[in-house]
1. Could you give the angle, 0 to 90 degrees to the nearest 10, between helix 228-238's Cα long axis and the longest principal axis of the Cα atoms of the chain?
2. What does the C-alpha gyration tensor say about the overall shape of segment 124-241? Classify as rounded when a/c is under 1.5, otherwise prolate if a/b is larger than b/c, or oblate.
3. What ranking do 82-91, 202-211 get when scored by the average of other Cβ atoms within 10 Å per residue, highest first?
4. Considering only DSSP beta bridges where both residues belong to segment 40-169, give the percentage that are antiparallel (nearest 5).
5. In segment 43-188, carbon and sulfur make up what percent of the accessible area (probe 1.4 Å)?
6. I'd like to compare 172-181, 126-135, 19-28: which one has the highest average count of other Cβ atoms within 10 Å, and what's the full order after that?
7. How high is the relative contact order of the chain, given as a whole-number percent (alpha carbon pairs under 8 Å, six or more residues apart)?
8. From Cα pairs below 8 angstrom and at least 6 apart in sequence, can you work out the relative contact order of segment 85-142, rounded to a whole percent?
Amino acid sequence: MRSVGLLLLCAGFSFAQSLQGVIDVHAHVDPETIPRSIDAITLARLAQVEGMRAVVFKNHFFATTGIAFLVHRIVPGVEEFGGIALNRAVGGVNPAAVQQMVDLPGRFGRIVWMPTMDSEYTARRSNPIRPFVPISKDGELLPEVKHVIAIIAHEDIALATGHSSPQESLLLIREAKRAGVNRIIVTHPEQGLNMTLVQQKEAAAMGAFLEYCYVGTLPFAGASQKTMAYYAQRMKAVGPAHAIMSTDLGNALNPVHTAGMRSYIQGLLKEGLTQDEIDQMARRNPAYLLGLK
């Protein structure tokens, strides 16, 4: 990867423009039942050429640890990881599925997302009668949620709040801290989830990282679309020490992940964020969340 960095410099790229050492913790790829722009091997090869440090493959319907295991053998020089989203296809909040993910040889499973597409918050807003995966009742987390959080704490991997409501996200963070979870991600807090800045700051104060995804600045985000200036303001308000940058790309209509991440970095620099703040959010914080040294 050093040679890639030297080539970029010789070609006139600055470190600010390069993706050297960058980590994308939220990358959708094929194989997937939702149409995706590229497959996991192609993304890993793009990341390798760009000098990225790692990518995390995300799928709403099955664990991606097996994909990461195989891609790791095919594409050297970049770390590939997976995770599991606790939607209906894996049995919902299923401790057995989570344990199976982390037990895969090589420890490729680094993130557990609470329900995303099948969260109660998402389902009820799109269709009041659509089946969903509950995580709480009467303001209390369900026993199986606490069981999964205990596994995450024991394995020292990351908990992501998924598409939970802002109130449920804060419940998850409090329980995770109580259980000893060290790595917590608030999944795109405003991208359709409407977490206020006050709530985001509360999450950060408890040790969680707010994940701001590049896709949220694109037309695909619909009513949730934000400007780069808006994201920059939120990052400054929460503090780069408590924020991470990811792409959440993979939709067939959007740019590929590496192009999106470069555009993201350039856009935030134009909005007044410093190179060190970018490094914090795109390199150092994601590395901590994945347990990388």
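The values are calculated or read from the model by the stated rules, or taken from the named source; none is laboratory data. Remember, predicted model here, so these are calculated numbers, not experimental data. Positions of Cβ are generated from backbone atoms using ideal geometry, with glycine treated the same way; all protein chains shown enter the neighbour counts. Just so you know, the surface numbers come from the protein's heavy atoms only, side chains and all, with ligands and any DNA or RNA stripped out. Shrake-Rupley method; radii C 1.70, N 1.55, O 1.52, S 1.80 Å.
1. Tilt relative to the chain: about 60 degrees.
2. oblate
3. My ranking of the peptides, most packed first, is 82-91, 202-211.
4. 15
5. 55
6. 19-28, 172-181, 126-135
7. Averaging sequence separation for qualifying contacts and normalising by length gives 17 percent for the chain.
8. Computed value for segment 85-142: 34 percent relative contact order.
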